[in-house]
Amino acid sequence: MASFVNRTAELDRLTTCYPSPDRQLAIVYGRRRLGKTELVKQSLTEQSDAVVYQGRQTTQALQLAQFVDRAAAVYPGIEDIRAAWEPLFRYLIDADAIVVLDEFPYLVEQDASLPSVLQALLDYEMDDSAATFVLIRDRQVDR
């Protein structure tokens, strides 16, 4: 934990999201190489049911397949769900899962509807859920 100098407040904010009885959305952003991913990983040390997926610049079909592989390690039933973001997220919402989408912009590059899918699920379909979504993205810096 010594490598997280002055990150106590951020770590505390994230860890309080997970046991919440209400749905949660956390967005972690900042410049590249500041430790955003490591901060989220540290916040999950007490959680055994988190799905952590790091997006890549690849096709949507490959992103979905890799996401399902990651999620199936914790939620094996997800393999029976149609490989599209909305039904996959619905399945995880019903399971009150913690879902971390690292490099979120890479996912959006292949499916521009992804932010609106998440918004609709958060706004209208997660009323009785304790699921948590954590989105990690780099902040674009003007040069």
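Return the only residue of Lys41, Lys36 being on the phi < 0 side of the Ramachandran plot and either in contact with a Gly (Cβ under 7 Å, 6 or more places away or on another chain) or crowded, with 18+ Cβ neighbours inside 10 Å (or both).
None of the other options fit; the residue is Lys36.
Summed over the stretch 7-27, the residues that are over 16 Å from the mean Cα position of the chain (by Cα), exposed (fewer than 15 other Cβ atoms within 10 Å of the Cβ) and within 15 Å of Thr45 (Cβ to Cβ) give a count of 2. Screening Ala112 against (1) over 27 Å from Arg31 (Cβ atoms); (2) in a loop (DSSP other than H, G, I, E, B) leaves a single unmet condition, (1). Exactly one residue out of Leu34, Leu39, Leu25 is within 18 Å of Leu135 (Cα to Cα) and in a helix (DSSP H, G or I): that is Leu39. Given the conditions (1) surrounded by fewer than 18 Cβ atoms within 10 Å (Cβ to Cβ); (2) more than 15 Å from the chain's Cα centre (by Cα); (3) touching a residue at least 40 places away in the same chain (Cβ under 8 Å), and given that Arg82 satisfies all but one, which numbered condition is not satisfied? Every condition holds for Arg82 apart from (3). Consider Ile93 carefully, then state whether it is part of a helix (DSSP H, G or I), surrounded by 14 or more Cβ atoms within 10 Å (Cβ to Cβ), over 15 Å from the mean Cα position of the chain (by Cα) and hydrophobic (A, V, I, L, M, F, W, C). No, not satisfied.
The number of residues in the stretch 62-98 being modelled with pLDDT of 95 or more, farther than 29 Å from Pro21 by Cβ and out of contact with any Phe, Trp or Tyr (no Cβ under 8 Å at 6 or more places or on another chain) comes to 3. Applying the set (1) within 24 Å of Leu39 (Cα to Cα); (2) touching a residue at least 40 places away in the same chain (Cβ under 8 Å); (3) surrounded by 20 or more Cβ atoms within 10 Å (Cβ to Cβ) to Met126 leaves exactly one unmet item: (1). Taken together, the residues in the stretch 49-73 that are over 14 Å from the mean Cα position of the chain (by Cα), part of a loop (DSSP other than H, G, I, E, B) and over 18 Å from Arg137 (Cα atoms) amount to 2.
The values are calculated or read from the model by the stated rules, or taken from the named source; none is laboratory data. Keep in mind the model is a prediction, meaning the values are calculated, not measured. Heads up, the Cβs are rebuilt from the backbone with ideal geometry, glycines too, and the neighbour counts pull from every protein chain shown.
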